[in-house]
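The values are calculated or read from the model by the stated rules, or taken from the named source; none is laboratory data. As the structure is a computational prediction, the values presented were derived from the model and not from experiment. Here Cβ is always computed from backbone atoms with ideal geometry, including for glycine, and neighbour counts include all displayed protein chains.
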Number of protein chains: 2
Amino acid sequence: MTTVTNQTTTQTQEAITFTLADAALKTLFDLTREITDLSAAASLQSWDQQTQMAMGSNVVRAPQMATLRAVIHERQAAPAFGQAVEAAERAIAATPEGFTVADQALVREARRGYDHAMRVPTSFVRDFSDATSVAWEAWMRAKAAKDFSQFADPLARVVELCRQRAQYLDPAADPYAVLFDLYEPGLTLAECSAALARVREVTVPLLQRIRAAAPIDTSPLHGDFADAGEMQLSREMLEAIGYQFANGRLDLSAHPFTQSLGSPYDVRVTTRLDRHNMVRALLPAMHEGGHALYELGIDPALMRTPLGHGTSLGIHESQSRFWENMVGRAEPFWQAQYHHVQAVFPQPFKSLPVADFVRALNAVNPDFIRVEADELTYNLHIIIRFELEQALIHGELAVKDLPAAWNQKYHDYLGVDVTDDAVGVMQDIHWSHGSFGYFSTYSLGNLFAAQFTATMRQTFPDMDARLAQGETSFLREWQRENIHRWGKIFRSNDLSRRVTGEPLNPEHFVRYVTAKFERLYGLS
Amino acid sequence: MTTVTNQTTTQTQEAITFTLADAALKTLFDLTREITDLSAAASLQSWDQQTQMAMGSNVVRAPQMATLRAVIHERQAAPAFGQAVEAAERAIAATPEGFTVADQALVREARRGYDHAMRVPTSFVRDFSDATSVAWEAWMRAKAAKDFSQFADPLARVVELCRQRAQYLDPAADPYAVLFDLYEPGLTLAECSAALARVREVTVPLLQRIRAAAPIDTSPLHGDFADAGEMQLSREMLEAIGYQFANGRLDLSAHPFTQSLGSPYDVRVTTRLDRHNMVRALLPAMHEGGHALYELGIDPALMRTPLGHGTSLGIHESQSRFWENMVGRAEPFWQAQYHHVQAVFPQPFKSLPVADFVRALNAVNPDFIRVEADELTYNLHIIIRFELEQALIHGELAVKDLPAAWNQKYHDYLGVDVTDDAVGVMQDIHWSHGSFGYFSTYSLGNLFAAQFTATMRQTFPDMDARLAQGETSFLREWQRENIHRWGKIFRSNDLSRRVTGEPLNPEHFVRYVTAKFERLYGLS
């Protein structure tokens, strides 16, 4: 029997293997391998576009990318691929006990890929690619000009195409639920809505209490910090959490991101620097490092297969949020790591106690920029987008009325007044890319992170003490064994049940933020 | 009638256009566009592998690259592609006057691509990819260990596969001529051999006379030059010759190279630095800049078509050699540019006259490293490889006997004794990649460069005076109009006839080096 086994995990309890004895499964495996390899080439085009490519090159890169995407779509929608999926499904149905969980998940993901691809015509894929290219360029121009009207029509076209995509995928379902499922197939839109409603219900009054409390001094984080020092600290913090530079790299980009070009061997992160704000330079690197640890922890047996990535955006974000927030904003971690900050920037940190540094890192400050939000108000930014997206996709809100609706919600939920559309409704890139349904996974990540952390704290009652000793590998190893190495084998709620004993439960996050911010602001 | 016209060249005498009125041609155009776009994605994988990728990522990159190459090969060998080529050929044969030179060259290149692909089985493409991956890794290990025996078997396998490739492509022809034609389709192996024989005949006695003359002092070029300064000078020299950073970038790599990822909009160069030798850092950047100017000068109408690259390796090398040698080692150029060198490295250049700097740049120094060779002895390095390659491919020399044969030829032709195989027979990467037939195009480049320069000097009798004024654009514009913009439309000897009135003629090079080095060494 042919098996693909991962040598490095033989000490773990469950080995991850494919049984490729069945000819139908072997055929499907080979076809998905080709698609996965081509997708990695497309990811490289995108990574390069955002980190290395000169802007003048986009005139040729954009159509090259559209071609490769069309070729991938064509293969994924090919009748031969559909037949291979069906044959493998029949083989598994006949003797399920002869197949591993990896086999079964491979077929499940291949089925999902085929269904998605064959329901959407290749001409639509090109239209969508063209429309989002146009919208992305319009977004950049409009944002620079602080003029939403330049973005409105291209955005309306993208909204229309997203609605059309949902129609192609499942004409009977709520189109927004169909789009949401593209990013978080492991739980339903209803579950997500309920969880976010609970978060909002708890966050708004907690925020009011914090506003009434004495503010935290964040002035030490605002100074003039040289790029080279911020970059050095970004590297050191990535090393502190266990990112492997031998299998990746750190670059700068306008929006920090993590790109796997072949997990677990090529996983790259980017960050951005902010001369005037240490946090904005330091925490994005740890956030992206958390994403990267997920991909670097995937079992090598899943390399070059459809299972060789994190299982969903929500679970992915839980890993980045864990390292950014539960570790990167925690005093025990900084007790061990603060000396790096003090060494690179003696002014002002040499004389600032670590406790004050950490308090400043955690200060709550309602503002209108999502990516600069504190840990508490962050979810309100998401909830605003989540509500507006549904209104747009359901046709209850016209694109031209979007800025006013946006500003009203920021006023109502966060108590801030947006100064202009560039830092308001046009602050994020996502809608220009057509990623409707994506934003909510950021909040799901926060919730899953709190839920996983509750379990980790049961496993490691001495977690804080060990972090304070400079240890981080015990956390990484736990994540690797329980979450990372499984790739896409288990979907989000199934994974959550395996790891925490229950599906998504927002009460862990509610308890976490309530306790944390009541203590921080002396509210109890 | 649908035409693809280039707006920016409307002032030039001949516009470059495709007439896509004929349905057969339009079909072929679309098919070649897909293949070209996929090939650009493959080029990006390779560029990234050599400049950005962490070494630990190669375990996944190598098979991803093999997959993409196989997909490209499959498309190029597809019966539908062959039928499209035939249909377009029939259309052109019926009414040749209805088609432009671009149309006709497109069909010619598509035919060549199809014939090459369909004659070689896809399994061979994978075998070749695997064997060269193995050989490349073995080469690196063996070179580091200075132990040819570790490289011998993988290299023998590559030689065998190259012979097999030639057999597939044209079983009736001399296999080495078939391999040579892969790189220089515009002239024959016999023409190349005759030209190289003439070069050798002139070079060897000239070298003997130089050896007997007073040596040139090159000591100012040998010092301790900081990386940042060398990098800055590389950028400044690229700017001086007109490289467009808006459509490319400069990186470091072990072996300098130029990669077009979509001419004329994305053309990247690399260089290397050498702390202890200014020339080795400065001239590679100008050399690669010359390659890049070629790709950046290609007519935008040829973008994303099989004609959108330089026409052959020999012509490509003529453009890099022109900027490296005819400009980059010429005193008039440095009269205008030397201040950059003096500003970055006041020690020792502030007090060194420009004439002495240029004399040092041109010193002849027979040695055993090709990439560090002076302009005169360079071709002897090539001739050695050219002779050994033929002996290997014809089965007259066994791989195990290669080091001894190599060392003997270095002794005979250059009068140097190779100290070990790492700097001897294993100094170049080419054979590990299976690029047999490639080396001679470097010398063809030197010959074409001299031939084109002779014509340029007739066109611009004041060339030296203008260079000394800091002008370079007149040379670039001449190259663009006569060579660059045509991409692959004209093959090498045809292009040479158009531009210089004759096919490859080594006498231009003979006159050039004889005059130059007799003057430099006071031999006349």
Worksheet item: For the stretch A:70-105, how many residues meet the condition of being in a helix (DSSP H, G or I), touching a residue at least 24 places away in the same chain (Cβ under 8 Å) and of a type outside the set (A, V, I, L, M, F, W, C)?
Response: 8
Worksheet item: If B:Leu273 passes every condition in (1) within 14 Å of chain A (Cβ to nearest Cβ); (2) surrounded by fewer than 23 Cβ atoms within 10 Å (Cβ to Cβ); (3) within 21 Å of the chain's Cα centre (by Cα) but one, which one does it miss?
Response: (1)
Item to complete: Could you check B:Val60 against (1) more than 10 Å from chain A (Cβ to nearest Cβ); (2) buried (at least 17 other Cβ atoms within 10 Å of the Cβ); (3) within 22 Å of A:Ile72 (Cα to Cα) and say which number it fails?
Response: (1)
Worksheet item: Given the conditions (1) away from chain A (no Cβ under 14 Å); (2) touching a helix residue (DSSP H, G or I) at 6+ places or on another chain (Cβ under 6 Å); (3) not aliphatic (A, V, I, L, M), and given that B:Gly98 satisfies all but one, which numbered condition is not satisfied?
Response: (2)
Worksheet item: (1) within 25 Å of the chain's Cα centre (by Cα); (2) at pLDDT below 95; (3) not in a helix (DSSP H, G or I): which one isn't true of B:Tyr413, the others all being true?
Response: (3)
Discussion item. What's the number of the only condition in (1) at pLDDT 95 or above; (2) under 30 Å from A:Leu161 (Cβ atoms) that A:Ala355 fails to meet?
Written reply: (2)
Fill in: Output for the stretch B:138-173, where each listed residue is farther than 21 Å from B:Glu389 by Cβ, of a type outside the set (Gly, Ala, Ser) and loosely packed, with under 15 Cβ neighbours inside 10 Å
B:Arg141, B:Lys146
Fill in: Test for A:Gln208: is it out of contact with any helix residue (DSSP H, G or I) (no Cβ under 9 Å at 6 or more places or on another chain) and more than 14 Å from chain B (Cβ to nearest Cβ)
yes
Item to complete: Considering (1) under 28 Å from B:Leu221 (Cα atoms); (2) surrounded by 21 or more Cβ atoms within 10 Å (Cβ to Cβ), say which one B:Lys350 fails and leave the rest.
Response: (2)
Practice prompt. Mind listing whichever residues of the stretch A:411-445 are of a type in the set (Gly, Ala, Ser), touching a Lys or Arg at 6+ places or on another chain (Cβ under 9 Å) and under 18 Å from A:Leu504 (Cα atoms)?
Written response: A:Ser440, A:Gly445
Response to the item:
By residue number, the members of the stretch A:452-486 that are within 21 Å of the chain's Cα centre (by Cα) and of a type in the set (D, E, K, R) are A:Arg476, A:Glu477, A:Arg480, A:Glu481, A:Arg485
Discussion item. Condition first: within 16 Å of A:Gly297 (Cβ to Cβ), assigned by TED's automatic domain parsing to the domain that holds A:Ala195 and of a type in the set (A, V, I, L, M). Can you find one or more residues in the stretch A:491-505 that meet it?
Written reply: yes
Worksheet entry | Residues that are among the β-branched types (Val, Ile, Thr) and under 24 Å from the mean Cα position of the chain (by Cα), drawn from the stretch A:92-136 | A:Val125, A:Thr132
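Here's the yes/no breakdown for (1) assigned to a helix (DSSP H, G or I); (2) not assigned by TED's automatic domain parsing to the domain that holds A:Ala41:
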| residue | (1), (2) |
| --- | --- |
| A:Arg163 | yes, no |
| A:Leu179 | yes, yes |
| A:Ala195 | yes, yes |
| A:Thr203 | yes, yes |
| A:Met231 | yes, yes |
| A:Arg235 | yes, yes |
| A:Glu239 | yes, yes |
| A:Asp251 | no, yes |
| A:Arg268 | no, yes |
Worksheet item: Quick one: what pairs do we get from the stretch B:25-54, first residue more than 10 Å from every other protein chain (Cβ to nearest Cβ), second modelled with pLDDT under 95 and not in a helix (DSSP H, G or I), C-beta under 6 Å, 6+ apart or different chains?
Response: B:Lys26/B:Leu20; B:Phe29/B:Leu20; B:Gln50/B:Ser253
Practice prompt. Scan the stretch B:110-135 residue by residue and report those that are among the hydrophobic types (A, V, I, L, M, F, W, C) and surrounded by fewer than 18 Cβ atoms within 10 Å (Cβ to Cβ).
Written response: B:Met118, B:Phe124, B:Val134
Worksheet entry | Residue list for the stretch A:76-95, restricted to those being surrounded by fewer than 18 Cβ atoms within 10 Å (Cβ to Cβ) and within 14 Å of chain B (Cβ to nearest Cβ) | A:Ala78, A:Ala80
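Here's the yes/no breakdown for (1) among the charged types (D, E, K, R); (2) touching a Pro at 6+ places or on another chain (Cβ under 8 Å); (3) farther than 27 Å from A:Glu109 by Cα:
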position: A:Ser129; (1), (2), (3): no, no, no
position: A:Thr132; (1), (2), (3): no, no, no
position: A:Ser149; (1), (2), (3): no, no, yes
position: A:Arg157; (1), (2), (3): yes, no, yes
position: A:Val178; (1), (2), (3): no, no, no
position: A:Tyr183; (1), (2), (3): no, no, no
Fill in: Count of residues meeting criterion [crowded, with 17+ Cβ neighbours inside 10 Å and more than 20 Å from the chain's Cα centre (by Cα)] in the stretch A:364-387
3
Worksheet item: Hey, A:Leu397 hits all of (1) under 28 Å from A:Tyr512 (Cα atoms); (2) assigned to a loop (DSSP other than H, G, I, E, B) but one; which does it fall short on?
Response: (1)
Discussion item. For the structure I just gave you, tell me whether B:Leu495 is crowded, with 21+ Cβ neighbours inside 10 Å, touching a Ser or Thr at 6+ places or on another chain (Cβ under 7 Å) and aliphatic (A, V, I, L, M).
Written reply: yes
Discussion item. Considering only the stretch B:63-72, I want to know if a residue exists there that is among the hydrophobic types (A, V, I, L, M, F, W, C), within 14 Å of chain A (Cβ to nearest Cβ) and under 30 Å from B:Val425 (Cα atoms).
Written reply: yes
Worksheet item: Would you pick out the residues in the stretch B:239-252 that are crowded, with 22+ Cβ neighbours inside 10 Å and of a type in the set (S, T, N, Q)?
Response: B:Asn247
Item to complete: Scan A:Arg321, A:Arg275 and give me the residue that is modelled with pLDDT under 95, closer than 30 Å to A:Gly223 by Cβ and among the basic types (Lys, Arg).
Response: A:Arg275
Worksheet, complete the sentence: Conditions (1) more than 11 Å from every other protein chain (Cβ to nearest Cβ); (2) over 21 Å from B:Ala66 (Cβ atoms); (3) in contact with a Phe, Trp or Tyr (Cβ under 9 Å, 6 or more places away or on another chain) -> A:Thr17 fails only (3)
Worksheet item: List pairs: first in the stretch B:498-524 and closer than 24 Å to B:Trp486 by Cα, second of a type in the set (Asp, Glu), Cβ under 7 Å, 6+ apart or cross-chain?
Response: B:Leu504/B:Glu191
Worksheet item: Looking only at the stretch A:126-181, which residues are under 28 Å from A:Ala254 (Cβ atoms) and among the acidic types (Asp, Glu)?
Response: A:Asp127, A:Asp130, A:Glu137, A:Asp147, A:Asp153, A:Glu160
Practice prompt. Would you mind telling me which numbered condition in (1) assigned to a loop (DSSP other than H, G, I, E, B); (2) within 14 Å of chain B (Cβ to nearest Cβ); (3) surrounded by fewer than 24 Cβ atoms within 10 Å (Cβ to Cβ) A:His255 fails?
Written response: (2)
Worksheet item: Just to be sure, is A:Ala21 in the same structural domain as A:His116 (by TED's automatic domain parsing) and not in a helix (DSSP H, G or I)?
Response: yes
